[in-house]
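Read the structure below first, then the notes.
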Amino acid sequence: MLRLARIVLAVTTFAFAAPAFAQLQDENANDFTEKLEIGISTDEIAITSDFRGADLTIFGAVDGFDPNLLAQGKYNIIVSLEGPKDNATVRKKERVFGIWVNTSSMTFELVPESYSLSSTRDIETIAPPGEMGNMGIGVDHMRLVPLGFVGDGSNLGEFRNAFRRIRETSGVYERDPGGVQFISSSLFKASVRLPANVPNGVHVVRAYLFRDGTFVAAKALPLRVVKTGVEQVITQTAHEQPFFYGLFAVLLAVITGWGASLLFRKD
């Protein structure tokens with residue numbers, strides 16, 4: 001049930017995000033002639049137990065572009081692969097009487113479980129940081145809102161930096177300046193990373209077009225990631241039948257321990 005609820009939440013999030021993107025494109029259509037289109041070869045990826053990560057290629061096209069601006073390198077593309085969202089808790093450890101213990105924590109509301117970003121160049125050079133922050137593009141500009149936060153906010157930045165550092169160190173958050181390349185005058189391809197521990201659920205591929213530092217258009221497509229085989233059975237049982245899963249785990253541990261004692265006992 002928990003897995004189903006998270007997928008429904010992700011689909012709902014995308015459903016609400018899609019109209020926002022459409023509205024954003026409609027507003028910019030009055031000012032710009034350029035239009036952005038993207039496509040992926042599949043809308044579902046099956047992950048097996050021996051999955052070690054992979055690169056997903058997204059192809060796109062810019063219609064109605066200005067050849068002179070294109071020749072001057074004024075067009076830039078940013079593509080992101082955003083995983084399902086869930087609350088995330090960051091804990092701070094301190095040494096107390098010689099023992100490392102958790103002394104404080106902060107939970108951020110509905111952050112992507114995975115996030116991969118590719119761009120034609122460093123996003124900080126594509127548009128002003130303020131605009132990237134307003135749009136929430138990039139790990140450094142991701143909206144990290146504390147859940148039920150009470151305090152003066154003096155340690156908010158510390159926890160946000162720790163969250164970003166942990167996610168990038170673990171490989172679930174990645175960035176690749178130069179991962180988007182124009183392969184012809186109007187066509188481009190982007191490569192975004194699926195980490196080895198990619199979460200199940202509905203992911204969202206987003207593409208943004210900028211012209212000379214100004215946002216022009218955006219597109220979004222859903223991508224469903226599902227685990228298959230024994231790993232999926234175990235994961236599904238753990239979430240949908242936690243009692244029987246726990247009982248089986250205990251029995252397996254007892255049987256394994258008993259078998260090991262018989263195998264290595266000294267007569």
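The values are calculated or read from the model by the stated rules, or taken from the named source; none is laboratory data. Note that this is a predicted model, so its numbers are computed, not measured. Glycine gets a Cβ as well: all are built from the backbone with ideal geometry, and neighbour counts include every protein chain shown. Just so you know, the surface numbers come from the protein's heavy atoms only, side chains and all, with ligands and any DNA or RNA stripped out. Shrake-Rupley method; radii C 1.70, N 1.55, O 1.52, S 1.80 Å.
Side notes on the structure shown:
- Members of region 214-229 that are open to solvent by 20 Å² or more (accessible area, probe 1.4 Å) and either in a loop (DSSP other than H, G, I, E, B) or more than 21 Å from PRO84 (Cβ to Cβ) (or both): THR214, THR228, GLY229
- Evaluation of LEU144 against the conditions (1) part of a helix (DSSP H, G or I); (2) open to solvent by less than 70 Å² (accessible area, probe 1.4 Å); (3) of a type in the set (A, V, I, L, M, F, W, C) shows that the sole unmet condition is (1).
- Failed item in (1) at pLDDT 85 or above; (2) open to solvent by 70 Å² or more (accessible area, probe 1.4 Å), with LYS74 passing the rest: (2)
- Restricting GLU94, GLU82 to those that are at pLDDT 95 or above and within 22 Å of ILE166 (Cβ to Cβ) reduces the list to GLU82.
- So ASN102, is it under 23 Å from GLN181 (Cα atoms) and of a type in the set (S, T, N, Q): no
- Taken as a whole, the structure leaves ALA46 outside the set of residues that are among the small types (Gly, Ala, Ser) and open to solvent by 70 Å² or more (accessible area, probe 1.4 Å).
- Count - residues of region 109-124 that are assigned to a strand (DSSP E or B) and either open to solvent by 60 Å² or more (accessible area, probe 1.4 Å) or closer than 17 Å to THR169 by Cβ (or both): 7
- Some residue of region 53-62 being modelled with pLDDT of 50 or more and over 30 Å from GLY171 (Cβ atoms): yes
- Any hit, region 151-170, residues being touching a Leu at 6+ places or on another chain (Cβ under 9 Å), assigned to a helix (DSSP H, G or I) and either within 30 Å of PHE65 (Cβ to Cβ) or open to solvent by 80 Å² or more (accessible area, probe 1.4 Å) (or both): no
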